[in-house]
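Structure first, commentary second.
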Amino acid sequence: MIPADFDYLAPTTLDEAVAALAEHGDDAKIIAGGQSLLPVLRMRLNAPEVLIDVGRIEGLRGIRDDGDALVIGATTTHHTVSGDPLVRKHAALIAKAIEHLADAQVRHRGTFGGALSHADPAGDLGAPVLALGAEFLVAGPGGRRTIAADDFFDDFFTTSMADDELLVEVRIPKYTGWGAHYEKFVRVAHQWPIVAVAAAVRTEGGTIAEARVGLTNMDVTPVRARAVEEALVGLPATDEAVRQAAAVAADGTNPPTDLNGDADYRRHLAAVLTRRAVLAAAEV
Ligand SMILES: Cc1cc2nc3c(=O)[nH]c(=O)nc-3n(C[C@H](O)[C@H](O)[C@H](O)COP(=O)(O)OP(=O)(O)OC[C@H]3O[C@@H](n4cnc5c(N)ncnc54)[C@H](O)[C@@H]3O)c2cc1C
């Protein structure tokens, strides 16, 4: 289907983009890589009167070292993020998750900020950024503000950004020396996960000293598996010990039931995939 008519704006500065959002309000929609928005427009599930393309704003693109954290600009493509040496060294979990995200074409067009703003509970980036305790810098008419990852994902396809705000960049603390793994369960290659688990683990002589675990598609938002994280600390990184800790992976979640599986099946998957992800992150 052809999208409904819209006006197209392509600001070259963040201030212009914020002003355009303020002027057009509910009638406007940001477009970045278009990999999620264009299908929505073509199916006429949304019909904004104005599209604001943020792809020409230089300051929104790129990755920089900011001391104890990495900062990833919102319009940096998945391909660039996953191949970046800084990301692979200090935030390997992000790079590994992107390796499983869609196909090469989508990874070359889709953006880090677009995927997170889209807030699909089955999206592959929410759980990793949540597990790593990222911070989101957003800009709007009132200026800039920072939102903690725990507060960013609000509901099904909904973030805590206001309608007149846009995502500028994501700050990810460095996890240098931590092991990381993203375990994704799909029926069809290059598609969204039925369930996936993001795990980052720091070991000391075969013992798990710290763990961070996020779950994809186990609720209306990505979920941090804090019960597992706590249960893992101090355990030997062995199959049996990690299996027991992973048994609480689904605690407190409210997984969906759909054609790919019911909620109980997803709870089972969460425990199995958590065990696999943690053991792989601990390199056992
Ligand atoms: C065939 C196919 C397979 C895919 N498979 C997967 C998969 O396996 N896993 C996965 O996680 N994703 C998958 N995706 C989605 C992909 O990750 C998209 O790149 C991503 O969801 C959206 O990024 P985008 O830059 O294209 O955003 P757009 O489509 O341009 O925008 C998406 C939404 O975010 C908003 N937005 C964009 N940028 C900003 C910003 N800076 N500030 C505020 N709001 C903003 C837009 O208004 C829109 O509502 C797939 C997509 C396709 C087409």
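The Rg/Rh ratio for the range 7-50 is 0.98, where Rg is the radius of gyration of the alpha carbons and Rh is the Kirkwood radius. Charge dipole of the chain (Cα centre as origin; +1 on each Lys and Arg Cβ, -1 on each Asp and Glu Cβ, all else neutral): 1000 debye, rounded to the nearest 20.
Dimensions of the range 63-111 from C-alpha coordinates, computed as largest minus smallest value along each principal axis and given longest first, are 32, 19, 12 Å. For the range 177-241, the Kirkwood estimate of the hydrodynamic radius, built from every pair of different alpha carbons, is 12.8 Å. Against the longest alpha carbon principal axis of the chain, how many degrees, from 0 to 90 and to the nearest 10, is the axis of helix 14-24 turned? Helix 14-24 sits roughly 70 degrees off the main axis of the chain. Average projection, convex hull of the Cα set of the range 81-234: 9.4 square nanometres.
Its DSSP H runs of at least 4 residues, each contributing -39,500 (n - 2.57), put the calculated 222 nm mean residue ellipticity of the chain at -9000 deg cm²/dmol, to the nearest 500. Under the convention that each Lys and Arg Cβ holds +1 and each Asp and Glu Cβ holds -1, the size of the dipole of the range 1-112 around its Cα centre is about 640 debye. Cβ crowding within 10 Å, taken as a proxy for footprinting-reagent exposure, orders GLU183, GLU165, GLU204, GLU16 from fewest neighbours to most as GLU204, GLU16, GLU165, GLU183. Ranked for footprinting exposure by Cβ neighbours inside 10 Å, fewest first, MET1, MET161 give MET1, MET161.
Distance distribution note for the range 179-283: the fraction of Cα pairs above 16 angstrom is 50%. In loop segments of the range 183-284 as defined by DSSP, the trypsin sites (Lys or Arg not before Pro) with at most 11 further C-beta atoms inside 10 Å of their C-beta are ARG187. Taking other Cβ atoms within 10 Å as a rough exposure proxy, SER160, SER117 sort from fewest to most as SER160, SER117. The orientation-averaged projected area of the convex hull spanned by the Cα atoms of the chain comes to 14.4 nm². Remark: the range 156-209 carries a charge dipole of roughly 360 debye about the Cα centre, counting +1 on each Lys and Arg Cβ and -1 on each Asp and Glu Cβ.
Shown here for the range 226-284: GluC sites (Glu not before Pro) in loop regions (DSSP other than H, G, I, E, B) with at most 15 other Cβ atoms within 10 Å, namely GLU283. Over the range 46-156, the reciprocal of the mean inverse Cα-Cα separation, the Kirkwood hydrodynamic radius, stands at 14.8 Å. Within straight-line reach of LYS184, meaning a Cα separation under 27 Å, sit the following lysines at least 8 residues removed in sequence or on another chain: LYS89, LYS96, LYS174.
Since every read-out is calculated from the coordinates, none of them should be taken as a lab result. If you're wondering where the values come from, they're calculated on a predicted model, not measured in any experiment. Glycine gets a Cβ as well: all are built from the backbone with ideal geometry, and neighbour counts include every protein chain shown.
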